[in-house]
Structure formats: structure tokens, C-alpha cells
1. In the stretch 282-300, which residue that is within 23 Å of the chain's Cα centre (by Cα) and of a type in the set (A, V, I, L, M) is nearest to ligand 1 (Cβ to nearest atom)?
2. From Met276, Met215, Met296, Met231, grab the single residue that is farther than 30 Å from Asp434 by Cβ and in contact (Cβ under 8 Å) with a residue 24 or more places away in the chain.
3. Give the number of residues within the stretch 1-17 that are under 21 Å from Glu162 (Cβ atoms) and either of a type outside the set (Ser, Thr, Tyr) or assigned to a helix (DSSP H, G or I) (or both).
4. Do we have Ala39 as buried (at least 17 other Cβ atoms within 10 Å of the Cβ) and either in a loop (DSSP other than H, G, I, E, B) or among the hydrophobic types (A, V, I, L, M, F, W, C) (or both) here?
5. Tell me yes or no: at least one residue of the stretch 440-449 is under 29 Å from the mean Cα position of the chain (by Cα), away from ligand 1 (no atom under 16 Å from the Cβ) and touching a residue at least 12 places away in the same chain (Cβ under 8 Å).
6. For the stretch 602-640, which residues satisfy the criterion of being modelled with pLDDT under 95 and loosely packed, with under 13 Cβ neighbours inside 10 Å?
7. Which ones in the stretch 370-393 are crowded, with 23+ Cβ neighbours inside 10 Å and away from ligand 2 (no atom under 12 Å from the Cβ)?
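The values are calculated or read from the model by the stated rules, or taken from the named source; none is laboratory data. Please read these numbers as outputs of a predicted model, since none were measured by experiment. We place every Cβ from the backbone using ideal geometry, glycine too, and count neighbours over all the protein chains shown.
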Amino acid sequence: MSYNLAQKILLHHLVDANELPLPGAPIAIKIDQTLTQDATGTMAYLQFEALGMLKVKTELSVSYIDHNMLQSGFENPDDHLFLQTFASKYGVYFSKPGNGICHQVHLERFGIPGKTLLGSDSHTPTGGGIGMIAMGAGGLDVALAMGGIAFHLPMPKVVKVELVGELQPFVSAKDIILEVLRQLTVKGGVGKIMEYTGPGVEILTVPERATITNMGAELGATTSVFPSDDMTRQFLRAQNREYNWVPIAPDPDAVYDEEITINLSELEPLIAQPHMPDRVVKVREIAGMKVHQVAMGSCTNSSYVDLMKVAGMLEGRTVHPEVSAGLGPGSRQIIEELMDNGAWYDIVQAGVRILESGCGPCIGMGFSPPSEGISIRTHNRNFLGRSGTKSAKVYLASPETAVACALTGEITDPRDLGIEPFKVAMPDTFIIDDSLIIAPSPEPERVEIIRGPNIQPLPIKAPLEGKISGEVLLKLEDNITTDHIMPAGAKILPLRSNIPKIAEHVFEVVDPEFPRRAQEKGGGFIVGGMNYGQGSSREHAALAPMYLGVKAVIVKSFARIHLANLINFGILPLTFKDEADYDKIEQGDMLSIDTSGIAPGAELTLINETKGIKIPLAHSLDERSIAIIRAGGALAYARG
Ligand code: MIC
Ligand code: SF4
């Protein structure tokens, strides 16, 4: 039998099976490592606590602080203290605020080729850059994985992305993933693993590979993965962890479910237009548009390679007087490296504002653009309102393009600047300083968990009723993101540990009246289009609607992580058997569904009582998912 790389790692981690099923069939895999970040971590650890275990059962679990770093009140620091004391007590490593963005630090200090990683953040696939099967999931799935419980998912299809040719000057890894997004769109990766192969792979450094696997999340892909080769070995050696290296490659005659080829030599600088990461055009097509702000950083493009390119292009130049440029480095290691080699000076001297090492503007935590402002960002998402300014227009591009825009004040192809092309060499050894990573306590029984007033208990859902009924509380179009459902940003993100409070903001960018209406009507239904719930892993996009009484979500199709989150919190995820039936339901209609006969593969009938019609509905729930929903959610199910 021959296998591709993704299949090899999955096969090795299968629980209770020794063969991979066909794509779409359920699989359960052992999770070796987990990561959480602070905005999803508090819930994940409260859920882990509810499982009643004394210590995590993974090979390694790490709790990072990188999202909620503004600390404009007691909420964020309360969460940090909770997370630090919890980690210490339950066997989890803790990465202090200031140490860096979870995905970047994990790649540098913890990722191991061939291992599985589950993270409560949708960009966990960054780890695929080092040859891991690294997936994003809701906090509850991560809590279960920390408890040693297998992770369940449908067997993904594996897509071979063959990279041929060589990147030209000022064209970079970001342009590769933007090209994949242009071709496949934000729903093109659902149910798939993107596996990168071909001669073009060999010359990409680990951070460049990680840019591609990171933003593969925007395809809706389960994950993306690169082989573990000499480049991986050099990276691990430079991180003083060569002992973690193992070679992993697909078998020469490996078979794939789908294939695409990208010729790197033909790629040009690309840019994603507002408000979707797949609205990709060539930079030259929209060159000349005035730019107000440039934000560099985020887990997509804040690596050593990225920032050295930024520094090299800025050296001796100054940011345009009408542009506000900011940069958030990916980790403390990167800052130390750039301080050590002098590149930091070039960035500061050019007039770039230095932001904290963390998520920052990517999730609307500061550095919001002005009203109607055009912001060029090296980030991975440009959803409506995510920057904190609803009227702003966010474009996503490479660090090279971002610098070009910062220097000229307008959208500019970096090749048109006339800067001499240069190559960034990876250091032979990185500066290793793990002093902001705190190991768990050797005496856990002595550690007291500190819970400030921002840490509120988990809401509980009752088991599924035999018949559910209520009003259509909201009807939505295609590609609704979790940023629409449960917005983030400086005002709302600090409420992540407090469900009653955060629930007041559900669907705020779409319909601010939603929470009040949902509660007044005693809950009800949400109706949507294709790819509902794309984007982040935030389980709050299921948990908060559950708290407001949402019983079922009826759509044309779901994004993977959000579908799992709905199941985990006992909300029925249903799809139209015939997509045209979407038009037969309006907001405000009274619906009812008899759920007593729900079974794998069996259709359900929705009665639109207002219109007096019946509509057949489908679902993808297997026995286990049905049992979870019947129990009122995965926690109730896991506790028996
Ligand atoms: C994001 O990029 O949207 C986030 C914020 O990192 C989320 C996690 C969250 O909402 O806390 C993600 O990607 O999963
Ligand atoms: Fe943080 Fe942005 Fe990355 Fe999400 S996408 S983890 S908010 S840097």
C-alpha cells in the first residue's frame, strides 16, 4: 500500500482502527499535542475542569496569551491569572503575554514533525509547515483531547498541491496561498487536507511554509501540510531541537483525491480585496489607490523571514507622511534576533509603529483604521468589521506589498519600487530564551486557581426535545463568518469567559437587535446559505447562540469547525435537501421539526407553519454526534 503524507500521519494516529476509510467516513485520532490561546482557552480549561481529571493526558499541552492583551480593565488580566494558575496545576506549559503569537511560538519551540496537534484556534494548521497534522477545533474538543479522548472528524480528502518553478523577486509565500485562495475560494478546502509537494517546496523555508499552511484555514481546509525534509531539519537545528526531527514524505506512488499545480515562476504579487480572503487580484490591477494604514504581522506573516524582508525594504527609507504603519512581531525570539542583527533599527527609523508581539490589529485589538480607511494588512482575514472599523476596507497582501504601500501611500506592486532584490538567509542558530515559558508546577496540589469576576460558570443546555419549534430569528446569506456571528475586537473579546455578557453581542455587525429578539421569543432558528460559520474556531459562535435559545441552524452548507461546535453545544445543524427551499423560509416564519426519529442518514421534515408547507432537511450527523446532541452537548455526553 502506498500513502501520501497526510494519510501516513493519520494512519499512525488512528484509534480503534488500522485502516483509513474513504473520505467522509468518521475517524477518531489520538492527539499528541494541544495548544490554546487566551480568548478560547478560558472556556477550554473550564470544560477540561468539568471532566474531573487531575492532569492533562497529552504528550504536551501549551496555553498561550496573545489575543486579549489590551488589558483596558480587569477582564483580560483576570483571564491571564486564571490561565496561568490553571496551567500550573493541570500539567500545561504557559507562554506568558509578550512571548509571542501561539502559532509562531509553537512552531519555534514545540512543533514536532509527524505529530498531531489540536488547537483552539483555526490557524493551528500553521504547524503543518513543520510536517505536523495540526488542526483547529472548538475549545471543548481541545478540552476532550487534553483529557486523552480521541478527536473525531470525517476522513478528509487529500489534495496534492504541486509547486513547480521558483518565486521571483518580491513575490513570496503569501502570494502562493493567495493564488490557491483565488483558485479554490473560501469554501474550496472544506473536508480536505492540502498537501504541498513538488520541486518548489524544497526551497521554501519553514516560516514560508507556515505562512501557506496558516492561511490554508481561509480555504476552509481541515489542515495543510508540508513534508519534513532537510529544510525542516535545519530549522529545528537552529532552534536547538534537531533531536525532534524525523523525515516524512509521501510515498513516490502516493495517490491523491484531487491535484492542482502552481507555477511559482509565473506568480505575481497578489492582494485580497474587502471583505473576503478569496477576492484576490493582482496588485497591479488596483495599483494607485490611496492607502491610509498598513499593518504588518499576525500569525501569517510575522516570522523572522518576513520581518527581515520588511526591514531590508525599509532600510534608509521613510513611511509616507499620510500612512500610519504598524508592525506586531510574531515572537520575542524574532524581536531579539532583529535587535541583535540591527534590522530592528531600520524598522523603527523608517517610522513604523512597533506594536506588541501578539494578535493585535488582526483581531481588532487596537490599531483600527479610520472611517472609510483603506488598510493594507499582511494578515489572513479581512471580514467586515473585524478591524474594529466597520466602514474600513481591509486588503490582504504580502509583507513586500505592505511595505511598498507604506512607502508610497498608495497600493503599489513591490517590484515597481526599484529596490534591488535581496535574499533573507535563515540564522544557523536562533537566540533561544524560554524564560517566558513557565513549566507546570511539580506540586500541583499546592496551586490555587485564581478566578476573578470575569470568569463565569459554563452555561448548561437541557437534552434535546422530541419536537423543536419557534421563529426564524434571522435569515442570512452565503459565507457568514464566525466574526459575523460572534464578533471579536477590543470591546467584545474580553468577555470570552462570561457567556451571559458576550451573548449580548451575537450577530452585532449584522443585526444588533438579534440577542434581544432571541430572548424575547424564547429562542428559535437561524437560516443561512453556503459555508455557514467559516473562519475562526471560536466556540462562542455556538455557545452564545445556544445561551440565547437557538435550537437549530438550517443552512445550505456548513464550515467544518463551526459544524463541530454546534454539535458540541447541542444545537442541531441541518441542511436543505434541496437548496432552492432556502427561498421558502422568511425571517419571522414559525417552524417546527419533529426530532424524535433522528438517525444517521435519515431526513427530517421541517414544517413551515406560517406558510403551511413541508421542507425536507438533511444532516451529516453520525451515531455519536446524535448522541451528543440528544445529551445536550459534548460535555454532558462525555460525563455520561
Ligand atoms: C481569529 O483569527 O479569528 C481568532 C481570533 O484567532 C480565532 C479564535 C478566537 O476567536 O478566539 C480563530 O482563528 O480561531
Ligand atoms: Fe491571532 Fe490573527 Fe492569528 Fe487569529 S489570525 S491567531 S487573531 S494573529
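1. Taking the stretch 282-300 first, the residues within 23 Å of the chain's Cα centre (by Cα) are 294-300.
Then keep just the ones that are of a type in the set (A, V, I, L, M); that gives 294-296.
Values: Val294: 19, Ala295: 14, Met296: 16 Å.
Checked the stretch 282-300; the qualifying residue nearest to ligand 1 (Cβ to nearest atom) is Ala295.
2. Values: Met215 fails: farther than 30 Å from Asp434 by Cβ; Met296 fails: farther than 30 Å from Asp434 by Cβ; Met231 fails: farther than 30 Å from Asp434 by Cβ.
Of the residues listed, the single one that is farther than 30 Å from Asp434 by Cβ and in contact (Cβ under 8 Å) with a residue 24 or more places away in the chain is Met276.
3. Selection size over the stretch 1-17: 7.
4. Values: buried (at least 17 other Cβ atoms within 10 Å of the Cβ): yes; either in a loop (DSSP other than H, G, I, E, B) or among the hydrophobic types (A, V, I, L, M, F, W, C) (or both): yes.
Spelling it out, Ala39 is indeed buried (at least 17 other Cβ atoms within 10 Å of the Cβ) and either in a loop (DSSP other than H, G, I, E, B) or among the hydrophobic types (A, V, I, L, M, F, W, C) (or both).
5. Initial filter on the stretch 440-449 (under 29 Å from the mean Cα position of the chain (by Cα)): 440, 449.
Checking the rest, the ones that are also away from ligand 1 (no atom under 16 Å from the Cβ) come to 440, 449.
In the following step, the residues that additionally are touching a residue at least 12 places away in the same chain (Cβ under 8 Å) were identified as 440, 449.
The answer is yes; a qualifying residue exists.
6. Of everything in the stretch 602-640, those that are modelled with pLDDT under 95 and loosely packed, with under 13 Cβ neighbours inside 10 Å turn out to be Arg639, Gly640.
7. Scanning the stretch 370-393 gives Ser375, Ile376, Ala392.
Matching residues to (1) in contact with a strand residue (DSSP E or B) (Cβ under 7 Å, 6 or more places away or on another chain); (2) more than 30 Å from Ser391 (Cα to Cα):
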| site | (1), (2) |
| --- | --- |
| Leu167 | no, yes |
| Glu179 | yes, no |
| Gln183 | yes, no |
| Gly189 | yes, no |
| Glu195 | yes, yes |
| Ile212 | yes, no |
| Glu242 | no, yes |
| Asp251 | no, yes |
